[in-house]
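The values are calculated or read from the model by the stated rules, or taken from the named source; none is laboratory data. Every value quoted in this text rests on a predicted model; they were computed, and no experiment measured them. No Cβ is skipped: glycine too gets one built from the backbone with ideal geometry, and neighbour counts run over all protein chains shown. The accessibility values were calculated without ligands, DNA or RNA, using every heavy atom of the protein model including side chains. Shrake-Rupley method; radii C 1.70, N 1.55, O 1.52, S 1.80 Å.
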Amino acid sequence: MTSKQKLYILLGVLCLILCSVFILLALPRRNDLEIPGGPSEGNGNSPSSESSQTVSHVDPSSSEGSEAPGETSGEPPVEAYDSPVDFETLQNRCGDIYAWLDIPDAGISYPVVQSQTDDSFYLDHSIDGKKDENGTLFTEHAYNGLTFSDPVTIIYGHNMRSGAMFGLLQEQFSQKDWFDAHEKIIVYQPERELHYQVFAAVPYGTKHILYQYRCFRDPSALTEFLDVVYNIRKFGKNYREGCTVTQDDRVLILSTCLPRSADGRYLVLAKLEKVVGKPLETIEK
């Protein structure tokens, strides 16, 4: 075999080797054939594991999920609410009725009214507009709205000897055992119900609280008022241990006259714990 033939054979072998290398490099590796996101065998995943993983991502077109650029999230969906109080019948009887106050197991369960013209009217009038020494539980339109969104809402009622209205309030909540066992107050409205936790019950002076503290528009006013409440030294005061009230809480106060006293009130104070139905409005500060 001549030298030239040997050279041709060597070149041919080299070409075969190079072709084989190119073919091997061109073939896809095993990992490139597997489904993105993990192995398709041996771990319980189906072959469509990629699509099953993307379910965890938010779908912009769905009702839940991230906001579109430049948009803010809306109010949470409101659950359908059916009030146990027949407000339609009550309001046909008296258009000033806007709520119903109930203290479970306390014998106190009455409509709450607010006159838009005369805050003293329901001191001696029933819901039928007739003269009545019992009066009606009421709030003042000059200081409180109708939604219980104010920082502090005060409901007034007479301390009647018959036990009507707030006639049982001081007698019951000044007893430590009763106070400890009765911490719930519920306020019903046509579109919601408000659940409060009683945190204090105290004898108090005759100063007009909402006027004195300017309706608590300044959040620090609530702290100032509560400092006074918690430092009362008179007989009949009770406080709930472990119940903390902050400037962000909405407070409900039930106010009645102290028996046989022209210069005192008895207050039961509670903070809002839960709203069922339509959410409350945001407090403007």
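If we keep just the residues of the range 126-157 that are closer than 20 Å to R93 by Cα and in contact with a helix residue (DSSP H, G or I) (Cβ under 6 Å, 6 or more places away or on another chain), which is surrounded by the fewest Cβ atoms within 10 Å (Cβ to Cβ)?
G135
Would you mind stating whether R233 is among the basic types (K, R), touching a Leu at 6+ places or on another chain (Cβ under 9 Å) and farther than 20 Å from F148 by Cβ?
no
The rows are residues; the columns are (1) farther than 18 Å from D150 by Cα; (2) open to solvent by 70 Å² or more (accessible area, probe 1.4 Å).
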site	(1), (2)
V187	no, no
H208	no, no
S220	no, no
L226	no, no
G242	yes, yes
Q247	no, yes
I253	no, no
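Could you tell me whether the range 189-199 includes any residue that is surrounded by fewer than 17 Cβ atoms within 10 Å (Cβ to Cβ), of a type outside the set (G, A, S) and over 21 Å from S149 (Cβ atoms)?
No, there is no match, as no residue in the range 189-199 is surrounded by fewer than 17 Cβ atoms within 10 Å (Cβ to Cβ), of a type outside the set (G, A, S) and over 21 Å from S149 (Cβ atoms).
Can you confirm whether the range 150-159 contains a residue that is free of Cβ contacts under 8 Å to residues at least 40 places away in the same chain and over 27 Å from the mean Cα position of the chain (by Cα)?
No, the range 150-159 has no match at all.
I need every pair where a residue in the range 121-148 that is in contact (Cβ under 8 Å) with a residue 24 or more places away in the chain and closer than 25 Å to Q212 by Cβ has its Cβ under 7 Å from the Cβ of a residue that is aliphatic (A, V, I, L, M) and part of a loop (DSSP other than H, G, I, E, B), sequence separation at least 6 or different chains.
Between residues of the range 121-148 that are in contact (Cβ under 8 Å) with a residue 24 or more places away in the chain and closer than 25 Å to Q212 by Cβ and residues that are aliphatic (A, V, I, L, M) and part of a loop (DSSP other than H, G, I, E, B), the close pairs are T136/I127; T147/L280; F148/L280.
Quick check: is even one residue across the range 252-270 of a type in the set (V, I, T) and either farther than 19 Å from I185 by Cβ or free of Cβ contacts under 8 Å to residues at least 60 places away in the same chain (or both)?
no
Let me confirm something: among L258, L210, which residue is farther than 16 Å from L169 by Cβ and not acidic (D, E)?
L210 is the lone residue from the list that is farther than 16 Å from L169 by Cβ and not acidic (D, E).
Counting just the residues of the range 247-256 that are of a type outside the set (G, A, S) and modelled with pLDDT of 95 or more, which one comes out farthest from the chain's Cα centre (by Cα)?
T256
Collect the residues in the range 105-115 that are open to solvent by 40 Å² or more (accessible area, probe 1.4 Å) and in contact (Cβ under 8 Å) with a residue 24 or more places away in the chain, keeping them in residue-number order.
Passing the criteria: D105, G107, Y110.
Inside the range 170-285, counting only helices (runs of 4 or more DSSP H) that do not spill past its ends, which hold 1 or more residues that are of a type in the set (A, V, I, L, M, F, W, C) and within 20 Å of Y110 (Cβ to Cβ)?
176-181
Since Y188 meets every condition but one in (1) more than 15 Å from S255 (Cβ to Cβ); (2) touching a residue at least 12 places away in the same chain (Cβ under 8 Å); (3) of a type in the set (S, T, Y); (4) out of contact with any strand residue (DSSP E or B) (no Cβ under 7 Å at 6 or more places or on another chain), which condition does it not meet?
(4)
Using the structure shown, decide if Q170 is in contact with a Phe, Trp or Tyr (Cβ under 6 Å, 6 or more places away or on another chain) and either touching a residue at least 60 places away in the same chain (Cβ under 8 Å) or open to solvent by 30 Å² or more (accessible area, probe 1.4 Å) (or both).
Here the answer is yes, as Q170 does meet what is asked.
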